[in-house]
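Chemist: Just passing along the structure, written as structure tokens.
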Amino acid sequence: MKLVFATHNQNKFNEVKILMPKAIELISLTDLKCYDEIPETGATLEENAKLKADFVTKNYELPCFADDTGLLVDALNGAPGVFSARYAGPLKDAHANMDKLLGELDTKTQREAHFKTVIALNFNGKTTLFSGRVYGEITLQKSGDKGFGYDPIFRPNGYQQTFAELPLAIKNSIGHRGKAIQQLITFLGAL
Ligand code: IMP
């Protein structure tokens, strides 16, 4: 059975593909030759994940799942949240985003934050949501060069290093996206 993962990111796609049950043929937006700008205009991560999955299911009549992730900072009432990619502007520049966040937290002692990933799956005419979170804190400065996005300024609880300093295998096993994907795999494996 064909199942679309609504992404063009080949790294994300490969990570998920090896975990899929054998009966599922996973295909990406690139495989579908879908280069439309899918609207991400929702007010929440859940709405955006659903918008992306629905776009594919409606236009290609295929089951599909889509993910959306945000960094939620307690002292900023959950910002940047759903706006994480474009926090410092439309260019989605990771360093500009981190600099803005460090600036916002400059005078704050409360630095707790968490990443949250939401996955929306359209399957058999029904939508199911999964989510994964990892808790930690925003460091005072950037450290490390692995990963992407806000990794250099996020230190997960229980570790002394940021996500950008920790091995990728550790990030994947304790991280937000890995947890949400595991739920999706368990759900699909039980069908
Ligand atoms: P997306 O929904 O996966 O595209 O993520 C939205 C934005 O959240 C990205 O542009 C990054 O800024 C941030 N982000 C998502 N996942 C991670 C992560 O694992 N580490 C650091 N930043 C992330």
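The values are calculated or read from the model by the stated rules, or taken from the named source; none is laboratory data. What you see is a predicted model, and the numbers here were worked out from it, not measured in a lab. Note that each Cβ is placed from the backbone with ideal geometry, even for glycine, and that neighbours are counted across all protein chains shown. The accessibility values were calculated without ligands, DNA or RNA, using every heavy atom of the protein model including side chains. Shrake-Rupley method; radii C 1.70, N 1.55, O 1.52, S 1.80 Å.
Chemist: Quick check on E137: is it farther than 23 Å from V82 by Cβ and without any contact (Cβ under 8 Å) to a residue 60 or more places away in the chain?
Modeler: It is false that E137 is farther than 23 Å from V82 by Cβ and without any contact (Cβ under 8 Å) to a residue 60 or more places away in the chain.
Chemist: Out of E104, E137, E112, E165, I need the residue that is of a type in the set (D, E) and either open to solvent by less than 40 Å² (accessible area, probe 1.4 Å) or within 24 Å of G42 (Cβ to Cβ) (or both). Which one?
Modeler: Criteria check complete, one pass: E104.
Chemist: Can you list residue pairs whose Cβ atoms sit under 6 Å apart, with the first residue in region 1-23 being without any contact (Cβ under 8 Å) to a residue 40 or more places away in the chain and the second being surrounded by 14 or more Cβ atoms within 10 Å (Cβ to Cβ)? Count only pairs 6 or more apart in sequence or on different chains.
Modeler: H8/L29; F13/F5; F13/T7; F13/S28; K17/L26
Chemist: Related question: Restricting attention to region 56-68, report how many residues are in contact with a strand residue (DSSP E or B) (Cβ under 8 Å, 6 or more places away or on another chain) and open to solvent by 40 Å² or more (accessible area, probe 1.4 Å).
Modeler: Here the count works out to 2.
Chemist: Next up: Can you tell me which residue among K179, K171 is closer than 27 Å to N77 by Cβ, of a type in the set (D, E, K, R), within 12 Å of the ligand (Cβ to nearest atom) and open to solvent by less than 70 Å² (accessible area, probe 1.4 Å)?
Modeler: The match here is K171.
Chemist: Taking region 68-97 as the region of interest, how many residues are more than 17 Å from A43 (Cα to Cα) and near the ligand (Cβ under 9 Å from one of its atoms)?
Modeler: Going through region 68-97 one residue at a time, the tally reaches 3.
Yes or no, residue by residue, for (1) under 17 Å from V82 (Cα atoms); (2) open to solvent by 80 Å² or more (accessible area, probe 1.4 Å):
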residue	(1), (2)
H8	no, yes
K12	no, no
I18	no, yes
I24	no, no
D31	no, yes
T41	yes, yes
E46	yes, no
A53	yes, no
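Chemist: Right, another one. Among the residues of region 104-121, is there at least one that is more than 18 Å from the chain's Cα centre (by Cα), of a type in the set (D, E, K, R) and within 13 Å of the ligand (Cβ to nearest atom)?
Modeler: For region 104-121, residues more than 18 Å from the chain's Cα centre (by Cα), of a type in the set (D, E, K, R) and within 13 Å of the ligand (Cβ to nearest atom): absent.
Chemist: Still on this model: Hand me the list of helices (runs of 4 or more DSSP H) wholly inside region 3-68 holding 3 or more residues that are farther than 19 Å from I185 by Cα and either out of contact with any Phe, Trp or Tyr (no Cβ under 6 Å at 6 or more places or on another chain) or modelled with pLDDT under 95 (or both).
Modeler: 29-32, 45-60
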